[in-house]
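Colleague: Here you go, one structure.
Only the coordinates and a few stated rules stand behind these numbers; no lab work does. For clarity, every value in this text was computed on a predicted model and none was experimentally measured. Virtual Cβ from ideal backbone geometry, glycine too; neighbours counted across all protein chains shown.
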Amino acid sequence: MEHLASVVLFLLIVALLLTAIPTGANKKRARVVRILIVLLALSYYGYFFTERSLPPFKKEALSMQLINKLPQTVDFYIILVSEKSDPSERFEVIHPGKVRPEHYRLEYLQREGWEQYWIVGYLGKRNLVYFSQHAVVNKNIDQILEISTFMNQSLRLSERSTQLIEERRSEYRRQSVTITLGLLLLFLNTIHLLRRRK
């Protein structure tokens, strides 16, 4: 999805450069190309934001309930660990978000493809205060986790989880910059297309 956002951003830059073509037959062709690019970008961003705003419920999913019994708001991450040989596909990072004290967050996870999961909790952005490793014995039983103490079960695995979460955060930062620039260029292209000649 990130590569497609980069392609759309590049096409929107090209469409904006096509506004500099002088009058004539080339201007009409450039306008048609710009209209097609803007329609493609509109459909991409419409799909992107619709997909992001839909509820996360998945068919045949395992529900996991994280209950925060700690006295502070904790930012939780779930890392699904599979037994795949490819290291890039071995871990999946899910960010349920910040959970206030005495509140819970419900996540729906795919049943297939993973055997264990790690729960990672942060106070602030960098202060890791909770790490636990859990094996899934029965995928037909929903998981309920009450987090009531600060703990770190494994220093080695918590360091690996911190690396995975940092990679995910940097990926989200790159994606947000690409999406923001793309929306700005989409706005500029739309204004140029709707502008009337004097």
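Colleague: Which of the aspartates and glutamates could be linked to residue 139 by a straight reach, that is with a Cα gap under 12 Å, when you skip same-chain ones fewer than 8 residues away?
Modeller: Within reach: 60, 112, 115.
Colleague: As I understand it, the dipole of the chain uses +1 on the Cβ of Lys and Arg and -1 on the Cβ of Asp and Glu, about the Cα centre. Which of 54, 127, 104 lies farthest toward its positive end?
Modeller: Looking along the dipole axis, the top candidate is 54.
Colleague: So, one more: Between residue 98 and residues 5 or more places away or on another chain, which pairs have amide H atoms under 5 Å apart, with H built 1.01 Å from N, and which residues are they?
Modeller: 76
Colleague: Let me ask you something else. Quick one: the Cα spread of the chain along its three principal axes, in angstroms, biggest first?
Modeller: 71, 33, 29
Colleague: Using a 10 Å cut-off on Cβ atoms, rank the peptides 73-79, 137-143 from the highest mean neighbour count down.
Modeller: Put in order of decreasing packing, that is 73-79, 137-143.
Colleague: Continuing with the same structure: To the nearest 20 debye, what is the magnitude of the charge dipole of segment 1-117 about its Cα centre, counting +1 on the Cβ of each Lys and Arg and -1 on the Cβ of each Asp and Glu?
Modeller: It comes to approximately 900 debye.
Colleague: Using the Karplus equation 6.51 cos²θ - 1.76 cosθ + 1.60 (θ = phi - 60°), what ³J(HN,Hα) coupling, rounded to whole Hz, does each residue of segment 3-10 give in order, writing x for Gly and Pro?
Modeller: Using θ = phi - 60°, the values come out as 5, 5, 5, 5, 5, 4, 4, 4 Hz.
Colleague: Can you give the charge dipole size of the chain about its Cα centre, rounded to the nearest 20 debye, using +1 on the beta carbon of Lys and Arg and -1 on the beta carbon of Asp and Glu?
Modeller: Charge dipole of the chain: 1680 debye, to the nearest 20.
Colleague: Which order, highest average first, do 120-129, 186-195 follow once you tally other Cβ atoms within 10 Å for each residue and take the mean per peptide?
Modeller: Ranking the peptides 120-129, 186-195 by packing returns 120-129, 186-195.
Colleague: Same structure again: Could you tell me which trypsin sites (Lys or Arg not before Pro) in segment 10-87 are loop residues by DSSP with no more than 16 other beta carbons within 10 angstrom of their beta carbon?
Modeller: 58, 59, 69, 84
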